[in-house]
């Protein structure tokens, strides 16, 4: 152990006891012999797919195992003492004083009934590290360092009175307030929009620099971690794949897996020319929920047969609402939809079955999009049965053919959704949509819940299927990289209006309107110093105006 | 399913309940005497001739207990069946349709629930002709209000899941959505409630019989037997405690089974609910 390495994890082993119904409990190792050290003031990025054990390792530096997870071997030294041997009292001294934690969902991390400032200074007061006045002054300084608006008074607000990005920064202030030696950031920007993420990232980076705290930064997004971390450790299935400086990992990865992560989104798709008449034309759509304000204002887009229209925007931009209008679940209050030259009935319940069949949908969360009590055969087979009256052996045959199309083994048909992985589930959902032999499939954030490599596979599959079946996609996403990969035409949405609309080459070529520019420049790029470059450029612009 | 994976508590429940059920089914074969046959003195103590002694009229208590199990279990089971069919169907119907039908059904149920069940049953039963069918339906309908609430709550939860939306988008009818999409996912909760409701039906029937509005003499049922023998307690005669104890044992054993089933089905829930 080097002199300045104050966090030293040695041969960490973590296991969890899994109990399947009808079988005796068995232990699974989820982290195997991981060792690392961290010096004061340095940031270590932990990166990996879901199930890689990155959060589990992060939490082990607080000597904490979430939900039945147990640290079964190894040592974790913080400031020279093995924290795994500490008793309850010792742990209380450690947590919230020497090591603090910032979770992914700030909204769930705050008590909605208390003011922000009281929650920010709570740990500091609890440990007797400062008087109330000192702690509050410290909190205000941190709010400034995190560039929160109105730092003197923002603390007197309640959690629901600040935005998601601000709340995430307040949570960082909460973790920094007791002046800990180490902070564990667990996917702090994953739930945020790209334009918000960049602000939060810059604020976190600034605060780390000012306070000199060390940090473990956990994320699945290599481009994000490249902006804040000094070193990166790549994890897979609980094992260390590669560990090196950020520069080395990004620019000269050694292991195949790391190479795959760095080069992800290698899909390219040449945009097709628009044909004469669109398959679906949505004209001047205005829609809203109940008596509330309108969510969509005068939106007009066209979908061409066999092509992909990507609708991109941040949360609340109305992109999912557009999909609901097309499905007929939310009839537009004005405007009309033309489908193959005739007007489409606005309300779903009144549409003829053939129209329902022609418009299929794939959801973001494949978990909730499939009935957990039905087998894959029933899930995929039902549209066949319902629309085409295919039954019995013939149905099983067609289900098998569909499974082949989505590149899953034939015995998947007998399984339940719970027995499939995330990517397999999404594939089954694609097969269900395909079973109806539709003309257009609405894909609502279909890859955003998936790991990058798995998402890549899904996108490739969708493109293949489009080429073979000539099906059109209305592809809703917040991820510009996905849009670049698969779109033929793009609609950028902002606050319920079309900010920009046209073919892919037109939309992604300058000159940009202000919003599209902001959106495009906020997407993290996988190079060191990108964050500084963008923030500096924005400051210049601000000064210039 | 592996027999070894059944926990001890569930085994106790299963054994006790099967004893009751077997006694009820084979009552005429097992019972040593006739149901309303007077075979001895009033409140005779336990002896080799009368294993549990005799009751307030000198009838064999064990015989009455066995026949009592028959009436009590049958009526409670039928009442539970009525309440479940009615309650769960209407509850899911209300949840899926929503709007006015939901309001109408839910408010009527609220109205029915605002009247204390026992008093309501007493009034209705004293007006209607006293026979077993009326009794079953009155018990079933009153209990259905509770089942309605539960199944509506569960169905509302399931109804907003994406897979239900997917089914609606496909154009599926309401019957498919209720029976194929929602019901299988609500079943575990309903099964757990089934155990509880059955026991409440037993207790309710016993209470009604105790008050003289349930099973009419000379038919035997456990609640009625407590009533018939309650005066004996003053003289230190335990005859009333035996049917009371049987009610308690049945209640506990059915709940042990329901608990186990609930555990098993939540395990199988497939990613939902755990983690």
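The values are calculated or read from the model by the stated rules, or taken from the named source; none is laboratory data. Because the structure is a prediction, the values reported are computed rather than measured. Don't worry about glycine lacking a Cβ; one is built from the backbone with ideal geometry, like all the others, and counts go over all protein chains shown.
Condition (residue is assigned to a loop (DSSP other than H, G, I, E, B), surrounded by 14 or more Cβ atoms within 10 Å (Cβ to Cβ), at pLDDT below 75 and touching a helix residue (DSSP H, G or I) at 6+ places or on another chain (Cβ under 7 Å)) applied to segment A:241-260: is it met by at least one residue?
So far as segment A:241-260 goes, no, none of its residues is assigned to a loop (DSSP other than H, G, I, E, B), surrounded by 14 or more Cβ atoms within 10 Å (Cβ to Cβ), at pLDDT below 75 and touching a helix residue (DSSP H, G or I) at 6+ places or on another chain (Cβ under 7 Å).
Residue A:330 - would you say it is touching a strand residue (DSSP E or B) at 6+ places or on another chain (Cβ under 8 Å), in the same structural domain as residue A:418 (by TED's automatic domain parsing) and surrounded by fewer than 22 Cβ atoms within 10 Å (Cβ to Cβ)?
yes
Got a number for residues in segment B:1-40 being more than 14 Å from every other protein chain (Cβ to nearest Cβ), surrounded by fewer than 13 Cβ atoms within 10 Å (Cβ to Cβ) and more than 20 Å from residue B:67 (Cα to Cα)?
Of the residues in segment B:1-40, 1 are more than 14 Å from every other protein chain (Cβ to nearest Cβ), surrounded by fewer than 13 Cβ atoms within 10 Å (Cβ to Cβ) and more than 20 Å from residue B:67 (Cα to Cα).
Restricting the search to segment A:387-397, which residues are buried (at least 18 other Cβ atoms within 10 Å of the Cβ) and part of a helix (DSSP H, G or I)?
Those that are buried (at least 18 other Cβ atoms within 10 Å of the Cβ) and part of a helix (DSSP H, G or I): A:387, A:395.
Could you tell me whether segment B:257-267 includes any residue that is modelled with pLDDT of 85 or more, closer than 29 Å to residue B:133 by Cβ and more than 14 Å from chain A (Cβ to nearest Cβ)?
As a first pass, look at segment B:257-267 and keep what is modelled with pLDDT of 85 or more: B:257.
After this cut, where a residue has to be closer than 29 Å to residue B:133 by Cβ as well, the list is B:257.
With the extra rule that they be more than 14 Å from chain A (Cβ to nearest Cβ), the set shrinks to B:257.
Within segment B:257-267, one or more residues are modelled with pLDDT of 85 or more, closer than 29 Å to residue B:133 by Cβ and more than 14 Å from chain A (Cβ to nearest Cβ).
Looking at (1) over 30 Å from residue A:415 (Cβ atoms); (2) surrounded by fewer than 22 Cβ atoms within 10 Å (Cβ to Cβ); (3) touching a helix residue (DSSP H, G or I) at 6+ places or on another chain (Cβ under 8 Å), which is the only condition residue A:375 fails?
(1) is the only condition that residue A:375 fails.
Taking segment A:349-364, which residues are touching a helix residue (DSSP H, G or I) at 6+ places or on another chain (Cβ under 8 Å) and crowded, with 19+ Cβ neighbours inside 10 Å?
A:356, A:357, A:359, A:360, A:361, A:362, A:363
For segment B:127-173, name all the residues that are within 14 Å of chain A (Cβ to nearest Cβ), without any contact (Cβ under 8 Å) to a residue 24 or more places away in the chain and in a helix (DSSP H, G or I).
Once the filter is applied, which keeps residues that are within 14 Å of chain A (Cβ to nearest Cβ), without any contact (Cβ under 8 Å) to a residue 24 or more places away in the chain and in a helix (DSSP H, G or I), segment B:127-173 yields B:157, B:162, B:163, B:164, B:165, B:166, B:167, B:168, B:169, B:170.
Quick check: is even one residue across segment A:49-57 buried (at least 19 other Cβ atoms within 10 Å of the Cβ), more than 30 Å from residue A:423 (Cα to Cα) and at pLDDT 85 or above?
No, because not a single residue in segment A:49-57 is buried (at least 19 other Cβ atoms within 10 Å of the Cβ), more than 30 Å from residue A:423 (Cα to Cα) and at pLDDT 85 or above.
Under the condition of being in contact with a strand residue (DSSP E or B) (Cβ under 7 Å, 6 or more places away or on another chain) and surrounded by fewer than 18 Cβ atoms within 10 Å (Cβ to Cβ), which residue from segment A:76-102 is nearest to residue A:173 (Cα to Cα)? Step through it out loud before you land on a result.
Taking segment A:76-102 first, the residues in contact with a strand residue (DSSP E or B) (Cβ under 7 Å, 6 or more places away or on another chain) are A:76-79, A:82-84, A:94, A:98-102.
Those still in the list that are surrounded by fewer than 18 Cβ atoms within 10 Å (Cβ to Cβ) too: A:79, A:82, A:84.
Working: A:79: 22, A:82: 27, A:84: 27 Å.
Looking at the filtered set, the residue picked out is A:79.
Out of segment A:303-321, which residues are more than 16 Å from residue A:279 (Cα to Cα) and more than 14 Å from chain B (Cβ to nearest Cβ)?
Of everything in segment A:303-321, those that are more than 16 Å from residue A:279 (Cα to Cα) and more than 14 Å from chain B (Cβ to nearest Cβ) turn out to be A:311, A:312, A:313, A:314, A:315, A:316, A:317, A:318, A:319, A:321.
Given the conditions (1) modelled with pLDDT of 90 or more; (2) surrounded by 21 or more Cβ atoms within 10 Å (Cβ to Cβ), which single one is not true for residue A:134?
Exception for residue A:134: condition (2).
Of the residues that sit in segment A:358-386 and are part of a helix (DSSP H, G or I) and at the interface with another protein chain (Cβ under 8 Å from one of its Cβ atoms), which one is farthest from residue A:344 (Cα to Cα)?
Here is the first cut: in segment A:358-386, the residues part of a helix (DSSP H, G or I) are A:358, A:366-369, A:376-386.
With at the interface with another protein chain (Cβ under 8 Å from one of its Cβ atoms) added as a condition, the list becomes A:367-369, A:382-383, A:386.
Working: A:367: 30, A:368: 28, A:369: 25, A:382: 25, A:383: 21, A:386: 21 Å.
Among them, the one singled out is A:367.
Let me confirm something: among A:316, A:238, which residue is outside the structural domain of residue A:454 (by TED's automatic domain parsing) and within 25 Å of the chain's Cα centre (by Cα)?
A:238
Considering every residue within segment A:338-349, establish whether at least one is within 11 Å of chain B (Cβ to nearest Cβ) and part of a helix (DSSP H, G or I).
Yes, segment A:338-349 has at least one match.
Of the residues A:465, A:519, A:474, only one is surrounded by fewer than 20 Cβ atoms within 10 Å (Cβ to Cβ) and either assigned by TED's automatic domain parsing to the domain that holds residue A:450 or assigned to a helix (DSSP H, G or I) (or both); which?
Matching residue, one of A:465, A:519, A:474: A:465.
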